[in-house]
Amino acid sequence: MKAYVFPGQGAQFSGMGKELYENSSLAKELFHQANTILGFDIQKIMFEGTDEELKQTNVTQPAIFLHSTILTSCIGKTFHPDMVAGHSLGEFSALVANKTLSFEDGLKLVYKRAIAMQKACEIQASTMAAILGLEDELVEKICSKINGIVVPANYNCPGQLVISGAIPAVEEACLKLTEAGAKRALILQVGGAFHSPLMEPAREELAAAIEGSNFSNPICPVYQNVSAQAVSSPEEIKKNLILQLTAPVKWTQIMENMLKDGCSEVIEVGPGKVLQGLFKKVNRDIPTQSAEFI
């Protein structure tokens, strides 16, 4: 069974999508459509922008979404997913790929999400940190005892968990986790505390947009961040997507469940190879590859 997986924020690079644009009339059409929807020339930033320009949340999120969804469209008839999943932002790409959302609705929601998250980041100084080399349960336990908001945010793979919250609480947690034996506790260069209670204002804003969008029956199940379970009900998909901004990304559990449910091949659609590497941490023998437009 083929699993198609879609990366999230952090996978961007200058020049992303340019080859697609130059070699596909469909890609050209979709990029031009995206410029109209967004109201600015995102393809110019994707193809020629600096790293700093690409790091801006209102650019990064739609850029990664566009790279993944346009590549999916260009794969065309050879795209036969048995299951899909996306890491954080990538869940929106997965939902366009499995026909739950239209390209246009998906892009509008991603842009709304990016703007809402940016605004939430400006309300309170916050950050995230990668914790390496500890059991998830120990990280959860230590975070729960810190005075202030700090929570597990991204369960990336066994031994790699990202925490998120207010800056003083995250810094204290890093200290305690290092004392508890973490190999590394590294503060990340991010704009705020994604997948934490501090994203509540963004969740409320995005919820209204999600409720107003059309969700169709998917062509295959999506393993959602919030539950790590295979979901095919449009109403349940919508509910989980609303919860996603303030809940942790259960990527470790998603990979384990996909493998348990018969996944025999992983294809990453979009920039980078991060998700392939994470799958190898769970099962080193699983065949992985990047999706290619031929």
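Readers should treat all values here as calculations from the given coordinates under stated rules, not as data from a laboratory. Model, not experiment: these values are computed from the prediction. Counting neighbours? That spans all protein chains shown, and the Cβs are built from the backbone with ideal geometry, glycine included.
Side notes on the structure shown:
- Packing, as the average of other Cβ atoms within 10 Å across residues, places the peptides 140-148, 118-126, 282-290, 67-75 in the order 67-75, 118-126, 140-148, 282-290, highest first.
- Of the two radii for segment 24-103, the radius of gyration is 0.97 times the Kirkwood radius, both from the alpha carbons; that is the Rg over Rh value.
- When each of LYS108/LYS250; LYS145/LYS238; LYS99/LYS141; LYS141/LYS183; LYS28/LYS239 is checked by Cα-Cα distance, pairs over 29 Å: LYS145/LYS238; LYS99/LYS141; LYS28/LYS239
- Fraction of alpha-carbon pairs over 30 Å apart in the chain - percent: 28 percent
- Among VAL151, VAL222, a tally of other beta-carbon atoms within 10 Å of each Cβ gives an order, fewest to most, of VAL151, VAL222.
- Net charge of neighbours whose Cβ lies under 12 Å from the Cβ of THR100, counting Lys and Arg as +1 and Asp and Glu as -1: -2
- Each of TYR4, TYR21 was scored by other Cβ atoms within 10 Å of its Cβ. Arranged with the fewest first, they read TYR21, TYR4.
- Computed over segment 103-251, Kirkwood Rh from alpha-carbon pairs, angstrom: 16.1 Å
- Local electrostatic count at ASP136 - Lys and Arg +1, Asp and Glu -1, tallied over other residues with Cβ under 13 Å: -2
- Using the average count of surrounding beta-carbon atoms within 10 Å as a protection proxy, the listed peptides 267-274, 102-109 rank, highest first, as 267-274, 102-109.
- Across all Cα pairs in segment 124-187, the calculated P(r) in 10 Å bins from zero up to the longest distance comes to 27, 63, 10, 0 percent per bin.
- Modelled spin-label separation between SER25 and LYS280, with each label point placed 7 Å from Cα along the Cα-to-Cβ direction: 3.9 nm.
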